[in-house]
């Protein structure tokens, strides 16, 4: 097994607290409304704490039916959260899991920067390329941008 770490930053005009709430605390409600082109539903265990499983169900026609995340934890004061993709989605027969650590920080001039660190755990001697990583990021950006647009269009959401 190999491990490849990749860091990625993305900017948003939305404040860190609102993004954190939309992506972490209220994801099961916000994502299907904000991104109906991609997200059918999100199932969260009764007590969504560390170790709990979150299943994201995609709409028909997308390359994946679902993904399962295992919650690592989150810090509401620091707007940070971690989780591992453990089943479904892009894992296939080459990736065992992907660990994510994300933090929303205030950007100079307003809005926020999402700082992400991803660790790709591969099977055998497979080595994931930077192009493959960028393709995975691009695939998730559609949902990210849809949630961002929803928050901008609905100023009272996730306050």
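Here are a few things to note about the model shown:
- For 33, 42, 56, order by how many other beta-carbon atoms lie within 10 Å, fewest first: 33, 42, 56
- Per residue, the average separation of C-alpha pairs within less than 8 Å and at least 6 apart gives region 76-159 a relative contact order of 21 percent.
- Of 79, 120, 64, the one that fluctuates the most in a GNM where the chain has Cα springs shorter than 10 Å: 64
- Taking 105, 130, 26 as the candidate residues, the one with maximal mean-square fluctuation in a Gaussian network model of the chain, Cα springs under 10 Å, is 130.
- Fluctuation leader among 101, 132, 76 - the chain, Gaussian network, Cα springs under 10 angstrom: 132
- C-alpha long axis of helix 130-153 to longest principal axis of the chain, angle in °: 20 degrees
- Note on 152, 85, 91: ascending count of other Cβ atoms within 10 Å places them as 152, 91, 85, the fewest first.
- Using every pair of distinct Cα positions in region 2-153, the Kirkwood expression returns a hydrodynamic radius of 15.9 angstrom.
- Spatially, region 104-159 and region 1-58 are offset by 10 Å when compared through their Cα centroids.
- Only helices enter this figure: runs of n ≥ 4 DSSP H residues, each worth -39500 (n - 2.57), summed and divided by the residues of the chain, yield -7500 deg cm²/dmol at 222 nm to the nearest 500.
Where a number appears in this text, it was derived from the coordinates with a stated rule and is not lab data. Since the structure is predicted, the reported quantities are computational estimates derived from the model, not experimental observations. Please note: Cβ atoms are built from the backbone with ideal geometry, for glycine as well, and neighbour counts cover all protein chains shown.
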